[in-house]
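Participant: Starting off with a structure, shown below.
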Amino acid sequence: MESVRAVLVDIDGVLTVSWRPLPGAVEALREVREAGLAVLLVTNTTSRTRASIAATLGDAGFPVSAEDILTAPAATAAYLAEHCPGARCALLNSGDIAEDLEGVTVVDAADSGAVPDVVLVGGAGPEFGYRALDRAFGHLQRGARLVAMHRNLYWRTAEGLRLDSGAFLTGLEQAARVEAEVTGKPARAFFEAALARLGASAEEAVMVGDDVESDVLAAQRAGVTGVLVRTGKFQPEALRAADGTPDHVIDSFADLPGLLRGSAQQ
């Protein structure tokens, strides 16, 4: 860990739950920054823009700005610009993320005459009803590509775990016999984009997350050291059933400075 220059940090479940800071998280992030390490918050959150996230975290005391955040929608916009330039997209998402989808042409999902090139799936919410999912299924049957901002099955709120779009995404894939192109975590390209933003190599970075598969093991497959926290959506059974073993497991983000100093135990 002595060679670490950059720290990638998930937000929901690591720094906050329902946007309320977890104990010791604000202080720990300040300590990491004061140690001279580059920090980038990397999140699959699709309900808010980077600016909105930065404002909320700033109000809670976290030393971050919009430039310190990479969201799945922002990564998706870059992906579409490179792989599907000019594509017309039918967006299925809960929340207003238009600001982070710069350059993406979104058609009216309720327009029966619209013929999108891409079905773009974000985060789940009330919008993921039968009619919307069936409409997306129809677009896929007619040849639209399926692009997903993430595959998260659930996330944690103050009221408990909530179902996320990964569950619906699997159904669309199976029904339409297509495979989604994923742009956020756990896509390797997402982590590579994060490292490029910080000017760090994979060997110089750690990724801290509460999702053993999408955050930690995905980062490790990209060559980044993975740190799993026992907060947020963490569940012991998910860790036991995982396809691999995290490099480090700590109780919370508050323990990260100690781990980086080499004083914390795995």
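Participant: Within the group ALA254, ALA175, ALA200, which residue is among the hydrophobic types (A, V, I, L, M, F, W, C), farther than 22 Å from ALA38 by Cβ and not in a strand (DSSP E or B)? Lay out the reasoning, then the answer.
Facilitator: Numbers: ALA254 fails: farther than 22 Å from ALA38 by Cβ; ALA200 fails: farther than 22 Å from ALA38 by Cβ.
Criteria check complete, one pass: ALA175.
Participant: Does the range 43-81 hold any residues that are out of contact with any strand residue (DSSP E or B) (no Cβ under 9 Å at 6 or more places or on another chain), among the polar types (S, T, N, Q) and under 18 Å from ALA25 (Cα atoms), and which are they?
Facilitator: The answer is SER65, and nothing else.
Participant: Let me ask something else about it. So, ALA189, is that one small (Gly, Ala, Ser) and closer than 18 Å to ILE69 by Cα or not?
Facilitator: Judged against the criteria, ALA189 is a match.
Participant: A further question follows. In the range 23-50, which residues are under 16 Å from ASP68 (Cα atoms) and part of a loop (DSSP other than H, G, I, E, B)?
Facilitator: GLY36, LEU37, ASN44, THR45, ARG48, THR49, listed by residue number.
Participant: Inside the range 66-96, can you point out the residues that are farther than 25 Å from LEU133 by Cβ and open to solvent by 50 Å² or more (accessible area, probe 1.4 Å)?
Facilitator: Result: GLU67, ALA78, ALA81, GLU82, PRO85, GLY86.
Participant: Going by what's in this entry, would PHE190 be described as closer than 30 Å to GLN141 by Cα, assigned by the TED database to the domain that holds ARG30, not in a strand (DSSP E or B) and not polar (S, T, N, Q)? Spell out the reasoning first.
Facilitator: On the way: closer than 30 Å to GLN141 by Cα: yes; assigned by the TED database to the domain that holds ARG30: yes; not in a strand (DSSP E or B): yes; not polar (S, T, N, Q): yes.
Against the criterion (closer than 30 Å to GLN141 by Cα, assigned by the TED database to the domain that holds ARG30, not in a strand (DSSP E or B) and not polar (S, T, N, Q)), PHE190 qualifies.
Participant: Would you confirm whether or not the range 97-110 contains a residue that is within 14 Å of THR46 (Cα to Cα), open to solvent by 60 Å² or more (accessible area, probe 1.4 Å) and either among the aliphatic types (A, V, I, L, M) or assigned by the TED database to the domain that holds ASP10 (or both)?
Facilitator: yes
Participant: Quick one: PRO246 ticks every box in (1) part of a loop (DSSP other than H, G, I, E, B); (2) touching a Leu at 6+ places or on another chain (Cβ under 8 Å); (3) open to solvent by 20 Å² or more (accessible area, probe 1.4 Å) bar one, so which box is it?
Facilitator: (3)
Participant: Looking only at residues in the range 143-156 that are open to solvent by 20 Å² or more (accessible area, probe 1.4 Å) and touching a strand residue (DSSP E or B) at 6+ places or on another chain (Cβ under 8 Å), which one is farthest from HIS83 (Cα to Cα)?
Facilitator: Looking at the filtered set, the residue picked out is ARG156.
Participant: Return the residues of the range 159-172 that are part of a strand (DSSP E or B) and open to solvent by less than 40 Å² (accessible area, probe 1.4 Å); say none if nothing qualifies.
Facilitator: If the condition is that a residue be part of a strand (DSSP E or B) and open to solvent by less than 40 Å² (accessible area, probe 1.4 Å), then GLY160 is the only one that fits.
The values are calculated or read from the model by the stated rules, or taken from the named source; none is laboratory data. Predicted model only: the values in this text are computed from it and were never measured. Here the Cβ is made from the backbone with ideal geometry for all residues, glycine too, and neighbour counts use every protein chain on show. Areas reflect the complete protein model, heavy atoms only, side chains present, ligands, DNA and RNA absent. Shrake-Rupley method; radii C 1.70, N 1.55, O 1.52, S 1.80 Å.
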